[in-house]
Amino acid sequence: MSRLFAAALVLAFATQAAHASLKLCNRTSYVLYAATVSASASDALVQGWTRIVPGKCSIALTGELAASGYYLYARSSSAHSGPPRAWGGNSDFCVRDTGFSLRQPLLSTICPSPDMFKLPFAALATHHMRSWTATFRETPDYNSMQSAEHAGLKRLLADTGAKMGNSASEKAVDSTIAVFRKRMHLSDTASTDDLIDALETEAMKTAAPIGYSVCNDTDKPVWAALAQKKGAVFVSRGWWTVAPGGCARTITESVAQQNIYLRVEKAKGVALVSGPEKFCITDIEFEIQGRERCAARGLTEAGFAVSNAKGAPGFAAHVSADGLTATLSGASMPK
């Protein structure tokens, strides 16, 4: 796991309490998504995800830091190729894959919903200061935020399929960026942030991280349920809400050699993705053991489509208005 370096006090906040906050800075070459925990004596408020682009800072929490403790976790964007990177510690809290705000008991051992899972957060020693800045770094370290931003642009260009090599010159990088700007119809005056946004969006179209993700390529929210065989028993779970243009990572371990069954609805009972394989579902969040006797158990039988990673560790199911397309980890999405 990558290192989470110690946070440093933002001195300007000592006299500007109105601007007190928890600021997160990214001195890595990855687009990061961070989650925070504000803990009291008995429970914790877990919130995510704050996006932080290379070479920039983002405010994760506003207001004075008055909680008894704070924890932090960050992960690299699923747009990046290769193994995912994470910055964290050894304190587990439940999260969701998409934007969330959850209050949970401090010593909870089980996540209460099937679309939640635990991640290891690092404790932040804020020394009871009203403001704090944490900086994420990678090894080898970049000597400035500007150099991290430049490295981030190179990484995202490579993630979109651009061929440059690690030793690419400044001229080669600038030339590749110019080609990308033209292809995406970005003006010469578009900001670096606009460029990074476009690069990440484009890279997401071909990336498939380890596990199973459902990506919504429509312009409205969809709801996803899946089923898989665990040992000798089939288990169906749902629902994951997937925002327009977003992805939900429904399985985090490798899905190589597994059949995963998927159902996606665009409204209650209105299937966007379905198939001949039958599993039990409900209208509310569920985790159901077995696929037999749905009606007798007070459940609804519904059709699921089968998808197979064909030996790849990751699979991204892209759902459009016309139904299902799919991307294997490290492969291009079919045209």
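The values are calculated or read from the model by the stated rules, or taken from the named source; none is laboratory data. In this text, all values refer to a predicted model and were calculated from it rather than measured experimentally. Cβ coordinates were reconstructed from backbone atoms using ideal geometry, including for glycine residues, and neighbour counts include every protein chain displayed. Each accessible area value is taken on the protein alone, full model and side chains, heavy atoms only, with ligands, DNA and RNA left out. Shrake-Rupley method; radii C 1.70, N 1.55, O 1.52, S 1.80 Å.
For the chain, the longest stretch holding no GluC sites (Glu not before Pro) located in a DSSP loop with at most 16 other Cβ atoms within 10 Å is which? Write down the numbers at each step before the final one.
On the way: sites that count: Glu64, Glu253, Glu285, Glu292.
Counting at most 16 other Cβ atoms within 10 Å as exposed, the longest clean stretch of the chain is 65-252.
For segment 49-152, what number results from the quotient of the Cα radius of gyration and 2.2 N^0.38 Å?
On the way: Rg = 15.2 Å, N = 104, 2.2 N^0.38 = 12.8 Å.
Normalised Rg, Cα atoms only: 1.19.
So what is the calculated 222 nm ellipticity per residue for the chain, using -39500 (n - 2.57) for each DSSP H run with n of 4 or more, over all residues, to the nearest 500 deg cm²/dmol? Working shown, then result.
Details: 3 runs with 42 residues, N = 335.
For the chain, the value works out to -4000 deg cm²/dmol.
Report the local net charge at Ala39: Lys and Arg +1, Asp and Glu -1, summed over other residues whose C-beta lies under 14 Å from its C-beta.
Details: positive: Arg103; negative: Asp43, Asp92.
With Lys, Arg at +1 and Asp, Glu at -1, the neighbours total -1.
Expected output is a single nm value to one decimal: the length gained when fully extending between Arg293 and Ser320, i.e. 0.36 nm times separation in residues minus the C-alpha distance. What is it? Don't jump to the answer; show the numbers that get you there.
Numbers: separation 27, 0.36 × 27 = 9.72 nm, distance 3.17 nm.
Here the answer is 6.5 nm.
Anyone know which of Gly82, Gly298, Gly231 comes out most mobile in the 10 Å Cα GNM of the chain?
Gly231
Per the 1.4 Å probe, what fraction of the accessible area of the chain, in percent, lies on carbon and sulfur atoms? List each step's numbers first, then the result.
Values: 8630 of 16300 Å².
Carbon plus sulfur share of accessible area: 53 percent.
Gain in length, Phe100 to His185, computed as 0.36 nm per residue apart minus the alpha-carbon separation, to one decimal in nm?
Details: separation 85, 0.36 × 85 = 30.60 nm, distance 3.29 nm.
The span from Phe100 to His185 would gain 27.3 nm if fully extended.
Take every Cα pair under 8 Å in the chain that's 6+ residues apart, average their separations, divide by the length, and report that relative contact order as a whole percent.
Numbers: 805 pairs, mean separation 55.8, N = 335.
17 percent.
Under the definition of Cα pairs under 8 Å and six or more residues apart, what whole-number percent is the relative contact order of segment 125-257? Let's see the in-between values first.
On the way: 113 pairs, mean separation 25.2, N = 133.
Computed over segment 125-257, the figure is 19 percent.
By DSSP, what percent of the beta bridges with both residues in the chain are antiparallel, rounded to the nearest 5? Please report the intermediate quantities before stating the final value.
Working: 80 of 93 bridges.
Antiparallel: roughly 85 percent of the beta bridges in the chain.
Taking R0 as 22 Å, what FRET efficiency do you get between Glu301 and Lys220 from their Cβ-Cβ distance, rounded to the nearest 0.05? Let's see the in-between values first.
Working: r = 26 Å, r/R0 = 1.17.
That pair, Glu301 with Lys220, gives E of 0.30.
Could you state the accessible area per residue of segment 33-149 in Å², with a 1.4 Å probe and every protein chain left in place?
46
When Lys and Arg each count +1 and Asp and Glu each count -1, what net charge do the other residues less than 11 Å away from Pro84, Cβ to Cβ, add up to? Show your work: numbers first, answer last.
Working: positive: Arg75, Arg85, Arg249; negative: none.
Result for the local shell: +3.
Could you tell me the calculated FRET efficiency between Ser108 and Thr139, based on Cβ-Cβ distance and R0 = 30 angstrom, to the nearest 0.05?
Details: r = 33 Å, r/R0 = 1.10.
Calculated value: 0.35.
What residue among Pro120, Pro313, Pro83 shows peak mean-square fluctuation when the chain is described by a Gaussian network model with Cα springs under 10 Å?
The residue with the greatest mean-square fluctuation here is Pro83.
Would you mind giving the three semi-axes, in whole Å and largest first, of the ellipsoid equivalent to segment 240-306 according to its Cα gyration tensor?
Listed largest to smallest, the semi-axes of segment 240-306 are 20, 16, 12 Å.
Starting from the Cα of Ala271, step 7 Å along the direction of its Cβ; do the same at Asp174; then give the gap between the two resulting points in nm.
Result for the modelled spin labels: 5.6 nm.
Here are several values of Rg/Rh (Cα atoms, Kirkwood Rh): [x] 1.02; [y] 0.96; [z] 1.00. Which one was derived from the coordinates shown?
Read-out taken from this structure: [z].
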